[in-house]
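Structure, as structure tokens:
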Amino acid sequence: MIDIPIVHDQRGNLSVVEGGMLIPFDIKRLYYLYDVPGGTMRGGHAHRKLRQLIIAASGSFDVSLEDGHSRTKFTLNRSYQGLYIPTMTWREIDNFSSGAVCLVLASEHYDESDYIYEHSDFLTEVSSLTK
């Protein structure tokens, strides 16, 4: 988890994320998930090169991460905290609250060949990296 600084102001709070400063990559892409129907799971893949920072811009949701050996679940519900996801990490995002907005800052432009969609393929690739 990365704590994002908060600038408190009577007019409302402000938080800033700067690539290469607060997070260990330059931001090349930003996207967000919203209006996710109840019971829906997003993610379900890993990336070979892409790194990400996931922020609950509004509402809450759970992110489960797996490195090929262990699995950890995080609940994101604060707009001033982000979850850093390094390369070769399987991710699943679910349990979206009503009105949740999942903001994702990415280190790379979209590249279909960077995705690993099958969990078994992910496990095979991870095990080959540790040999």
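Hey, can you tell me all the residues within the stretch 100-131 that are modelled with pLDDT of 95 or more and part of a loop (DSSP other than H, G, I, E, B)?
Matches in the stretch 100-131: ALA100, SER107, GLU108, HIS109, TYR110, ASP111, TYR117, GLU118.
Looking at SER97, is it of a type in the set (S, T, N, Q) and part of a loop (DSSP other than H, G, I, E, B)? Give the derivation first.
On the way: of a type in the set (S, T, N, Q): yes; part of a loop (DSSP other than H, G, I, E, B): yes.
Considered against the rule, which asks whether it is of a type in the set (S, T, N, Q) and part of a loop (DSSP other than H, G, I, E, B), SER97 comes out as yes.
Which of the residues that make up the stretch 1-33 are assigned to a loop (DSSP other than H, G, I, E, B), modelled with pLDDT under 90 and small (Gly, Ala, Ser)?
Scanning the stretch 1-33 gives a single hit, GLY20.
How many of the residues making up the stretch 39-74 are under 24 Å from ASP111 (Cβ atoms) and not polar (S, T, N, Q)?
Filtering the stretch 39-74 for residues under 24 Å from ASP111 (Cβ atoms) gives 41-55, 63-68.
Now drop any that are not not polar (S, T, N, Q), which leaves 41-51, 53-55, 63, 65-68.
Within the stretch 39-74, residues that are under 24 Å from ASP111 (Cβ atoms) and not polar (S, T, N, Q) number 19.
If I filter the stretch 1-60 down to residues being β-branched (Val, Ile, Thr) and touching a Gly at 6+ places or on another chain (Cβ under 9 Å), which single residue comes out as surrounded by the most Cβ atoms within 10 Å (Cβ to Cβ)? Give the steps one after another, and end with the answer.
Taking the stretch 1-60 and keeping what is β-branched (Val, Ile, Thr), we get 2, 4, 6-7, 16-17, 23, 27, 36, 40, 54-55.
Subset that is touching a Gly at 6+ places or on another chain (Cβ under 9 Å): 2, 4, 17, 23, 27, 54-55.
Details: ILE2: 14, ILE4: 17, VAL17: 18, ILE23: 19, ILE27: 16, ILE54: 24, ILE55: 22.
Out of the qualifying residues, it is ILE54.
Can you pull out the residues in the stretch 49-84 that are over 22 Å from PHE122 (Cα atoms), outside any loop (DSSP other than H, G, I, E, B) and among the aromatic types (Phe, Trp, Tyr)?
Correct list: PHE61 only.
How about the stretch 47-91: which of its residues are over 15 Å from ILE2 (Cβ atoms), more than 11 Å from the chain's Cα centre (by Cα) and small (Gly, Ala, Ser)?
SER58, GLY59, SER60, GLY68, SER70
Given the conditions (1) touching a helix residue (DSSP H, G or I) at 6+ places or on another chain (Cβ under 9 Å); (2) not in a strand (DSSP E or B), which single one is not true for ALA46?
ALA46 satisfies all of (1) touching a helix residue (DSSP H, G or I) at 6+ places or on another chain (Cβ under 9 Å); (2) not in a strand (DSSP E or B) except (2).
Could you check ASP67 against (1) surrounded by 17 or more Cβ atoms within 10 Å (Cβ to Cβ); (2) under 19 Å from TYR117 (Cα atoms); (3) touching a residue at least 40 places away in the same chain (Cβ under 8 Å) and say which number it fails?
It is condition (1) that ASP67 fails.
Exactly one of these conditions fails for VAL36: (1) more than 21 Å from HIS109 (Cβ to Cβ); (2) in a loop (DSSP other than H, G, I, E, B); (3) free of Cβ contacts under 8 Å to residues at least 60 places away in the same chain. Give me its number.
If we test VAL36 against (1) more than 21 Å from HIS109 (Cβ to Cβ); (2) in a loop (DSSP other than H, G, I, E, B); (3) free of Cβ contacts under 8 Å to residues at least 60 places away in the same chain, just (3) comes out false.
The values are calculated or read from the model by the stated rules, or taken from the named source; none is laboratory data. Keep in mind that this is a model prediction, so the values were computed, not measured. Because the Cβ atoms are built from the backbone with ideal geometry, glycine has one as well, and the counts that use them run over all protein chains shown.
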